[in-house]
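**Student:** Following this message is one structure expressed as structure tokens.
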């Protein structure tokens, strides 16, 4: 009786998840699998797919000597290395401040979070006006304050990448901020009071009581931030289109350009595999680091 | 004495954070004010947020027949609606099975689904294009709708929510001979309203804001979505900034209104899903 009920339950379960599983396989699993296969071919474009042949690791060797790919790889790394710590620190700092005794907390929280839901394209149009090197309000203000050589922002080959990162932090920090704020509100009051009775000052209280309790949140947010930082096609495409020159061409832009403008889908897939491996390695390192620190 | 000092500190910190908050939303304020200005007023320094000559022509121009703006608006609304409806059905049914039913391999399967969240979507765009081409859905709305309804994140979120609903409720129904589909649709779904609302809101925002999908998969201008549409709009009207600001405002206003009215769901949704991981 019970075993037939069990079997019935399992049958219902598979019935319920089958539509989802089919979609998941087609739209999530198959692309990755296909990406691995395509990366080993010299496929140019879909219309000429029948002329595709298997070339082993040829695409991977080509990447090593491809200056444009190396530039995109370097830009992606710079972007992530700047974005992740900035968005984490700013998010935590804002959460700690907003968690103090203040008036109008929900209003302030909403204002800081608002850019997170905004449309990147619309926002890019606004920022490119604000940051216009000549007429933009920001540079006009800087010049009024006596700065003689105001930065070129998105137009300067040296400043463009870091400007995009700053706009990205402005837009994305709401996630880190809100998550940290919720975690801070979960810290038990008794723990803080006990530490204060023991004579801990505010900094010590944060360093030795609050921050260790935020460890799981921090771990999760770092992983999320890293993945977000590699998901930067939209923000770069709408702000700079990879320019000026190749100054802000990151991996996703390079992949799309290789696949659709240069019509080399096989080579583009190999470049995408580099991105996968990057995410896997970073996540694995994080995971090991987290487990190790839990031992003591 | 001490309470006075404390009160001053509270006011001071509030003022600092309030100014910071204003700085965060300044681009939106600038956009709104510029959309009502004639071109020669936009770059005036020092900035005047209230336009000297208040005009509506930027808006009437955006909606004129010269541009596909109304068409893009319609396309985007239809797409968002389809995604929301299909996603609710598929995601909640799947989440129910993972939360409430026992079957072999369930936990392993769930882990496999979760691990796919680590893949940056920007990296699978080429194979996706190849697959969509084979299905014949390139340059159709379905190339945006289909991949987003089989969402992993919300299966996880809704499952967490279902797990928190007491098991005794559905056990009683099983003894009464209710089918699992009835338990799902009559008991669990109505109780899961907050989770479903959160899912609808986030889906709305993400689908509305999606740029890469339509940019890659949709080629005909009349089938295009708003995000890519206003980018083309910007490129074609490079110096008409008032017009661009009006277009940007029209794209942002629906989501900002939704956000302001439902911010509780957004913020709680993020906080709880972030915590439970």
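The values are calculated or read from the model by the stated rules, or taken from the named source; none is laboratory data. Keep in mind that what you see is a predicted model, and the values were worked out from it rather than measured. Neighbour counts are summed over all protein chains in view; Cβ atoms, including those assigned to glycine, are modelled from backbone coordinates with ideal geometry.
**Student:** Got a sec? Which of B:162, B:156, B:181 is without any contact (Cβ under 8 Å) to a residue 40 or more places away in the chain, part of a helix (DSSP H, G or I) and within 14 Å of another protein chain (Cβ to nearest Cβ)?
**Tutor:** B:181
**Student:** Next question, about the same structure. Of everything in the range A:34-48 that's within 9 Å of another protein chain (Cβ to nearest Cβ) and within 11 Å of residue A:264 (Cα to Cα), which residue is surrounded by the most Cβ atoms within 10 Å (Cβ to Cβ)?
**Tutor:** A:43
**Student:** For the condition part of a helix (DSSP H, G or I) and crowded, with 17+ Cβ neighbours inside 10 Å, what is the one hit in A:83, A:61?
**Tutor:** Selected residue: A:83, the only one of A:83, A:61 that is part of a helix (DSSP H, G or I) and crowded, with 17+ Cβ neighbours inside 10 Å.
**Student:** Tally up the residues in the range B:112-129 that are modelled with pLDDT of 90 or more and either more than 7 Å from chain A (Cβ to nearest Cβ) or surrounded by fewer than 21 Cβ atoms within 10 Å (Cβ to Cβ) (or both), please.
**Tutor:** Count: 1.
**Student:** Which pairs have Cβ atoms under 6 Å, sit 6 or more apart or on different chains, and link a residue in the range B:223-236 that is modelled with pLDDT of 80 or more to one that is not in a helix (DSSP H, G or I)?
**Tutor:** Once the first residue is modelled with pLDDT of 80 or more and sits in the range B:223-236, its partners that are not in a helix (DSSP H, G or I) give B:224/B:218; B:227/B:211.
**Student:** Moving on. So which helices (runs of 4 or more DSSP H) stay within the range A:93-177 end to end and still have 1 or more residues that are within 12 Å of chain B (Cβ to nearest Cβ) and under 25 Å from the mean Cα position of the chain (by Cα)?
**Tutor:** A:105-117, A:120-130
**Student:** Quick check, is residue B:190 out of contact with any helix residue (DSSP H, G or I) (no Cβ under 6 Å at 6 or more places or on another chain) and either in contact (Cβ under 8 Å) with a residue 40 or more places away in the chain or part of a helix (DSSP H, G or I) (or both)?
**Tutor:** Yes, satisfied.
**Student:** Just name the residue that is farthest from the other protein chains (Cβ to nearest Cβ) out of those in the range B:31-46 that are surrounded by fewer than 17 Cβ atoms within 10 Å (Cβ to Cβ) and part of a loop (DSSP other than H, G, I, E, B). Lay out the reasoning, then the answer.
**Tutor:** Of the range B:31-46, the ones surrounded by fewer than 17 Cβ atoms within 10 Å (Cβ to Cβ) are B:38-40, B:44-46.
Going one step further and asking which of them are part of a loop (DSSP other than H, G, I, E, B), we end up with B:38, B:44-46.
Values: B:38: 15, B:44: 9, B:45: 4, B:46: 8 Å.
Ranking the qualifying residues of the range B:31-46, first place goes to B:38.
**Student:** Has the range B:135-143 got any residue that is at positive phi, outside any helix (DSSP H, G or I) and touching a residue at least 24 places away in the same chain (Cβ under 8 Å)?
**Tutor:** Scanning the range B:135-143, I find at least one residue that is at positive phi, outside any helix (DSSP H, G or I) and touching a residue at least 24 places away in the same chain (Cβ under 8 Å), so the answer is yes.
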